[in-house]
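Only one structure is covered here, and it is reproduced in the block below.
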Amino acid sequence: MARSAVAGALRCQRHRGPDESDTWHQDEVVFGFNRLSIIDLERSHQPLRYADGRYTIIFNGEIYNYLELRAELTEQYGAEFATDGDTETIVAAYHHWGPSAVGRLRGMFAFLIWDAQEHVIFGARDPFGIKPLFYAAGPGGVAFSSEKKSLLELSEALVLSPELDRTALQHYLTLQYVPEPETLHTGIRRIESGTSFTVSPGGQVVTERYFAPTFRPRPVHGEADASRLYHEIAEALRDSVAKHMRADVTVGAFLSGGIDSSATACLAKEHNPDLITFTTGFERPGYSEVDVAAETAAALGVKHVVRTVSPREMMEAFPLIIWYLDDPVADPSLVPLYYIAREARQHVKVVLSGEGADELFGGYTIYREPLSLAPFEKVPGALRTVMGKVSTRIPEGVRGKDLLRRGALTLEERYYGNARIFLDDQLRRVLRTYDPRVGHQDVTARPYRESRGWDPVARMQHVDLFTWLRGDILVKADKMTMANSLELRVPFLDPEVFRIAAQVPYQLKLTKETTKYALRRALREIIPPHVLNRRKLGFPVPIRHWLKSEMYDWARDIVIQSQTDHLIDKNAVLQVLEEHRSGVSDHSRRIWALLAFMLWHGIFVEKRIQPTIPEPHYPVKI
């Protein structure tokens, strides 16, 4: 592959690293890199060479225990370093420890190492999937990238003709995201979270899972035993935040009204007395945590920046956001996240955030569902089947319909993550290419198989680690911050924090009164009291109201102009929009999912929509 082709593909993801850009080639390998300088600003340029040129590495992310690893490599092997950064630490660890080195990295990462002596590339992606890594293979070679759009730019060089993946589309409309390792383009896939791989020129990509998250609750006897567990949780999180604060640039924090972001901000303040926090919301009652976040910031004594988002701004930014995403994610909170990231980038280069706490510590209210559905477990299978059939005859919106439907199903049948957009009967209504053989169990079968014998909450958490977390939560976090050349760090998603979280027993995750019980107890001496037991708001976006009024004409125009008639029944979609507007049913999330796909199709397939991509430029506010 020509070096010029790689340089061209780098340009469309310049937002990920506007500080410097370079390419390198040797034999049949070409590397290109856009750098966002965070650690060792004046050196650690990439592609970086090591061991007299035997290895060359490109690396996206941060390794938070790099100082400890460097010290160990120096003491044990006499390793020498030409830089003070974490990039060289990875390649030195690989040189001395081989592929097992990846299991010792605490951080977020996607990297490739070319070994000129063995003529092989070794690469890996972090345990939870914080940083993305796409790849495409064709007669012209194999290419990897942090963004899919760069691989689309290289499709001619790869002799590849990506087309719409209709199975992935059906999964998207069910789940609100495209599940790993799929993308909406055939021929382009993702390296999965917690996976390493090797590939030689002309060879196949061979993957291996190095991280398999396992929830193994430990017995807790009495309050003294429980207190020890709470202390371990607090200390693990404190250590993680301390390491996540390592940077040669200013680190801020996103702050909502919940305990997760509040905990990271409170612990970050211990290391940076001048911490700046950022929050976003809407000028609509019940849809904003701005006031609570401001109260928390005041209690901490930190500078606090608020960015409210209007429906007009939601509409204006949506096509650009879809371009940044590569594949649609039908999560409306992407838009305010984009705006607060843009605001934060004018003050800092790195932010901490609370993603992952719900999945690790049992924070979603749906995790209490096994308790509410427990009576159904005693009902004979045949009668439960009848209950399921009865539920289909109950009109939409009638109280109890969904409870009856879900009570008739097993856990494996009913739970496939936090988002449930289109049910099968709803999907048949709008999707012309609906295939009854495609279902959520295609995606969840493996995590359910791996978690057989666990308690139901642990199984739901395990499913979410492989679906909702890496498909929605971490995609929007990475894409919306990197769209603004802002690095987001997530201290909860640390192997050492997970090691303790995995030991929390079922009865200390959820109670009748609250979720994340053990975490709340662990944080009692860390976060302000007004946050500790607040009900989770979940950062809702008022599209239910806006799609009836301010956004109605905008949404209708997107549907009418879309050239997706061969995939989507547009008349059915317009009818759904009218039902929502008249109040017959709340279709807001389904409408949003369809709008996101139609905009995606207009950008990447029809090429009718061409968002104006802003140049990375960050005047710092004083």
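The values are calculated or read from the model by the stated rules, or taken from the named source; none is laboratory data. Note that the structure is predicted; figures quoted are calculated from it, not measured. Counting neighbours? That spans all protein chains shown, and the Cβs are built from the backbone with ideal geometry, glycine included.
What the table shows:
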{"item": "The range 397-426 - residue that is closer than 17 Å to ILE591 by Cα and in contact with a helix residue (DSSP H, G or I) (Cβ under 9 Å, 6 or more places away or on another chain) and, of those, surrounded by the most Cβ atoms within 10 Å (Cβ to Cβ)", "result": "PHE422"}
{"item": "Pair list, Cβ under 7 Å, 6 or more apart: the range 479-504 residue more than 18 Å from ALA522 (Cβ to Cβ), other residue of a type in the set (Ser, Thr, Tyr) and outside any loop (DSSP other than H, G, I, E, B)", "result": "LYS479/TYR324; MET480/TYR338; ALA483/TYR324; ALA483/TYR338; GLU487/THR481; LEU488/THR481"}
{"item": "VAL306 vs. criteria assigned by TED's automatic domain parsing to the domain that holds GLY252 and buried (at least 20 other Cβ atoms within 10 Å of the Cβ)", "result": "no"}
{"item": "Strands (runs of 3 or more DSSP E) within the range 43-133 that include 3 or more residues within 30 Å of ASP326 (Cβ to Cβ), touching a residue at least 24 places away in the same chain (Cβ under 8 Å) and β-branched (Val, Ile, Thr)", "result": "55-63"}
{"item": "Per-region count, the range 353-410, residues farther than 28 Å from LEU519 by Cβ and not in a helix (DSSP H, G or I)", "result": "13"}
{"item": "Of all residues making up the range 145-177, the number that are polar (S, T, N, Q) and under 22 Å from ASN60 (Cβ atoms)", "result": "4"}
{"item": "Any hit, the range 494-514, residues being touching a strand residue (DSSP E or B) at 6+ places or on another chain (Cβ under 8 Å) and closer than 18 Å to GLY61 by Cα", "result": "no"}
{"item": "Hits in the range 237-260 (condition: part of a helix (DSSP H, G or I), among the hydrophobic types (A, V, I, L, M, F, W, C) and crowded, with 21+ Cβ neighbours inside 10 Å)", "result": "LEU237, VAL241, ILE259"}
{"item": "So GLU369, is it touching a residue at least 24 places away in the same chain (Cβ under 8 Å), under 23 Å from SER588 (Cβ atoms), among the charged types (D, E, K, R) and surrounded by fewer than 20 Cβ atoms within 10 Å (Cβ to Cβ)", "result": "yes"}
{"item": "Residue pairs meeting the criteria (Cβ under 8 Å; at least 6 apart or on separate chains; first more than 21 Å from ARG16 (Cα to Cα) and assigned by TED's automatic domain parsing to the domain that holds GLN13, in the range 147-160; second in a helix (DSSP H, G or I) and modelled with pLDDT of 95 or more)", "result": "LEU158/LEU151"}
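Residue by residue, here is whether (1) among the aromatic types (Phe, Trp, Tyr); (2) in a loop (DSSP other than H, G, I, E, B); (3) crowded, with 21+ Cβ neighbours inside 10 Å; (4) modelled with pLDDT under 95 holds:
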{"position": "PRO436", "(1), (2), (3), (4)": "no, yes, no, no"}
{"position": "PHE492", "(1), (2), (3), (4)": "yes, yes, yes, no"}
{"position": "ARG499", "(1), (2), (3), (4)": "no, no, no, no"}
{"position": "GLN507", "(1), (2), (3), (4)": "no, no, no, yes"}
{"position": "LEU519", "(1), (2), (3), (4)": "no, no, yes, no"}
{"position": "VAL531", "(1), (2), (3), (4)": "no, no, yes, yes"}
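Residue by residue, here is whether (1) over 23 Å from ARG489 (Cα atoms); (2) in contact (Cβ under 8 Å) with a residue 60 or more places away in the chain; (3) not hydroxyl-bearing (Ser, Thr, Tyr) holds:
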site	(1), (2), (3)
ARG189	yes, no, yes
GLN204	yes, yes, yes
ARG218	yes, yes, yes
SER240	no, yes, no
LEU255	no, no, yes
LEU267	no, yes, yes
